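S.K.: Encoded as structure tokens, here's the structure I'll be asking about.
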Amino acid sequence: MTRSSATLLDRARALLDRPGRVLLGVTGAPGAGKSTLTETLLSQLRAEMGAEAVGHLPMDGFHLADVQLDRLGHRNRKGAPDTFDVDGYVAALRRLHEQPDRTLFAPGFERDLEQPIAAAIAIPPSARFVVTEGNYLLLPDGGWERVRPLLAEVWHVEVDDDVRRERLVRRHEQFGKSPDAARTWVERVDEPNARLISATRDAADLVVRLDQL
């Protein structure tokens, strides 16, 4: 199923017919283009609704810090479902619904450091529409099953697998890995996660092929 960018914007607008705050989830495998779609959608919505009316809560800020991954012995699996603070992420989503009159301060993720940064994100009470993006929004277990009921819709983003893998290799090289180390990480860590995420595709409300927009 493909959708033009204009149709996607129309679909997002239609969600605002619901009462209260609207949370839209964007999911997909690593390198599929979640951030690209999210940034485009946020830019368009902010242009129409105003910057303070639209919020962004990336799941990446809920990565466990390396000190915790080392303690747990999971540093070599960073990015897998159990290397995130799923409880903290779910709590943040619930607060957006249950405490709409309070600013939500949430962690962001610093790519240069590859570490979460506390309270880097602020979503004000004026944010009626919030986009949250992440790999595991539709995962049916491990605590992630609590995410989907908190979202109005979830869109699954996908692109050609070869394109996606090459993006990941370039990303890892950009942040310090050698070409060989980058490809090894993609095959041993990113691809198992990608297969897990792709298995949740049918649970999405919409599948977006970015290479066909």
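S.K.: Kindly establish whether Val163 is at pLDDT 90 or above, in a strand (DSSP E or B) and either over 25 Å from Pro140 (Cα atoms) or within 18 Å of the chain's Cα centre (by Cα) (or both).
M.R.: no
S.K.: Right, another one. Restricting to the range 110-157, and then to whatever is at pLDDT 95 or above and of a type in the set (Asp, Glu), can you tell me which residue is surrounded by the fewest Cβ atoms within 10 Å (Cβ to Cβ)?
M.R.: Asp141
S.K.: A further question on this structure: Out of everything in the range 38-55 that is of a type in the set (A, V, I, L, M) and in contact (Cβ under 8 Å) with a residue 12 or more places away in the chain, what residue ends up being nearest to Leu150 (Cα to Cα)?
M.R.: Val54
S.K.: Is there a residue in the range 68-80 that is modelled with pLDDT of 95 or more and either in contact with a strand residue (DSSP E or B) (Cβ under 8 Å, 6 or more places away or on another chain) or surrounded by 20 or more Cβ atoms within 10 Å (Cβ to Cβ) (or both)?
M.R.: Within the range 68-80 (the criterion being modelled with pLDDT of 95 or more and either in contact with a strand residue (DSSP E or B) (Cβ under 8 Å, 6 or more places away or on another chain) or surrounded by 20 or more Cβ atoms within 10 Å (Cβ to Cβ) (or both)), the answer is no, since none of the residues qualifies.
S.K.: Okay, moving on. Are there strands (runs of 3 or more DSSP E) fully within the range 60-157 with at least 1 residues that are under 23 Å from Ala32 (Cα atoms) and among the hydroxyl-bearing types (Ser, Thr, Tyr)? List them.
M.R.: 129-133
S.K.: Give the residue that is farthest from the chain's Cα centre (by Cα), with candidates limited to residues of the range 30-45 that are surrounded by fewer than 16 Cβ atoms within 10 Å (Cβ to Cβ) and modelled with pLDDT of 95 or more.
M.R.: Here the answer is Ser43.
S.K.: Return the pair list, or none, for Cβ contacts closer than 9 Å from residues in the range 22-37 that are farther than 22 Å from Leu150 by Cα to residues that are in a strand (DSSP E or B) and of a type outside the set (Val, Ile, Thr), at least 6 apart or on different chains.
M.R.: Matching pairs, first to second residue: Ala32/His156; Ala32/Glu158; Gly33/Glu158.
S.K.: For the structure I just gave you, tell me whether Asp10 is loosely packed, with under 12 Cβ neighbours inside 10 Å, assigned to a helix (DSSP H, G or I) and without any contact (Cβ under 8 Å) to a residue 12 or more places away in the chain.
M.R.: So Asp10 fits the description; yes.
Rundown of residues vs (1) small (Gly, Ala, Ser); (2) touching a helix residue (DSSP H, G or I) at 6+ places or on another chain (Cβ under 8 Å); (3) farther than 16 Å from Val26 by Cα, yes/no style:
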| residue | (1), (2), (3) |
| --- | --- |
| Thr40 | no, yes, no |
| Arg46 | no, yes, yes |
| Ala51 | yes, no, yes |
| Asp66 | no, yes, yes |
| Arg77 | no, yes, yes |
| Arg94 | no, yes, yes |
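S.K.: Are there any pairs with C-beta distances below 8 angstrom linking a residue in the range 127-156 that is free of Cβ contacts under 8 Å to residues at least 12 places away in the same chain to a residue that is surrounded by fewer than 22 Cβ atoms within 10 Å (Cβ to Cβ) and not hydroxyl-bearing (Ser, Thr, Tyr), with the two at least 6 apart or on different chains, and if so which?
M.R.: Glu145/Leu139
The values are calculated or read from the model by the stated rules, or taken from the named source; none is laboratory data. As the structure is a prediction and not an experimental result, all values here were calculated from the model. Cβ sites come from the backbone with ideal geometry, for glycine too, and all protein chains shown count toward neighbours.
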